[in-house]
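Please treat every number below as a calculation from the coordinates, not as lab data. Computed from a predicted model, the values in this text were never measured in an experiment. Using ideal geometry, Cβ is built from the backbone for each residue, glycine included, and neighbour counts are taken over all protein chains shown.
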Amino acid sequence: MQLIDGKAVADQIKREIAEEVNQIVANGGRPPHLAAILVGHDGGSETYVAHKVKACEQCGFKSTLIRYESDVTESELLAKINELNNDADVDGFIVQLPLPKHIDEQKVIEAVDYRKDVDGFHPINVGRMSIGLPCFVSATPAGIIELLKRYKIQTSGKSCVVIGRSNIVGKPVASLMMQKGIDATVTVCHSRTQNLKEICLNADIIIAALGQPEFLTADMVKPGAVIIDVGTSRVASTETKSGFKLKGDVKFDEVAPKCSFITPVPGGVGPMTICSLMRNTLLASKGV
Ligand code: GUN
């Protein structure tokens, strides 16, 4: 079994991006600029956005954090998005999700100019990705593909099972895995799937992205399979100072000995997602 070290790969990619930014600045250009909108004080979102701001520093980017209390109105938020769409100094921006219930998330996603949509959530980017056109690919799916490539994991002709059909991970990663060049045969499973265990037992690659801690157990995994764990559930813990622990969707201790490659949680897919966001922002700044 080989552990897929997402943290090490992410650090390497951030160094590569930082080098490119150095070159841009040395040639008289300005560094890429990412803005992030954070609404409210959700613990997970606070942490993710803090990591994104830190990654910007590591890559030599400019970053701007725009905060709103959770009672911000939808129209105030849409007005800020419009302002960022028209701000030539901002190359790309994100609105951290989830948003409070009184705000229509889809309306917010569609308000972002797709050329600045470095999250890759806008329907234009999602559509372009699904037919293989240049676009901003959303961060988690792009991070997973990058890990498979960097570890030279065979995907062509392999059977890949994706568990979960979210717009952010399940659907886009399934779409990428079946694309030319990656060439996996993809099955997408979800809460209504029958015979899930049998389907998983047939898989060469399992991407677990359903958000249920320790869902995938050893009896669902074929010996030698590749396991990608996208879960990041926060569960209460007395072992950590913060009072919680991140748990993946895979029962790591029993699955790891059975497989050929596996991503840990934390330190697997998570660090890669932020890298993808940095790469998208660099591309946005180059007008690609
Ligand atoms: N919430 C969970 N993941 C993400 C992400 O990748 N981008 C944004 N904007 N919000 C998220």
With r defined as the distance between the Cβ atoms of Glu76 and Asp219 and R0 fixed at 45 Å, what FRET efficiency is calculated, to the nearest 0.05?
-> 0.35
Partner lysines for Lys251 [C-alpha distance under 22 Å; skip if fewer than 8 residues away on the same chain] | Lys7, Lys197, Lys222
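Given the Cα atoms of the stretch 216-269, and with Rh set as the inverse mean 1/r over their pairs in the Kirkwood sense, what is Rg to Rh to two decimals? Before the final figure, lay out the partial values.
On the way: Rg = 12.0 Å, Rh = 11.7 Å.
The Rg/Rh ratio comes out at 1.03.
Semi-axes, largest first, in whole Å: what does sqrt of 5 times each Cα gyration tensor eigenvalue give for the stretch 1-117?
Values: eigenvalues 154, 81, 26 Å².
For the stretch 1-117, the semi-axes come out at 28, 20, 11 Å.
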5 angstrom amide H check on Phe244, placed H, neighbours 5+ away | Ser237
Divide, for the stretch 245-286, the radius of gyration over alpha carbons by 2.2 N^0.38 Å, where N is the residue count.
-> 1.59
Listed by chain and number, the residues whose amide H is under 5 Å from that of Ile94, excluding neighbours fewer than 5 places away on the same chain and using placed H, are Ala35, Ala36, Ile37
Across 5 Å bins from the origin, how do the percents of Cα pairs in the stretch 43-90 run, short distances first?
-> 5, 17, 20, 21, 24, 11, 2
What's the long-distance tail for the stretch 140-288, i.e. % of Cα pairs beyond 24 Å?
-> 30 percent
Let me know the volume per residue of the alpha-carbon convex hull for the chain, in Å³.
-> 134 Å³
Interchain or long-range residues, amide H under 5 Å from Thr185's placed H = Gly157, Lys158, Ser159, Cys160
Virtual spin-label span in nm between Leu65 and Ser260, 7 Å along Cα→Cβ | 4.2 nm
With θ set to phi - 60° and the Karplus curve 6.51 cos²θ - 1.76 cosθ + 1.60, what are the ³J(HN,Hα) couplings of the stretch 18-34 in order, to the nearest whole Hz, using x for Gly and Pro?
-> 4, 4, 5, 5, 4, 4, 4, 5, 4, 8, x, x, 9, x, x, 10, 10
Once normalised by the length of the chain, the mean sequence separation of its alpha carbon contacts under 8 Å that are 6 or more apart gives a contact order in percent of 21 percent
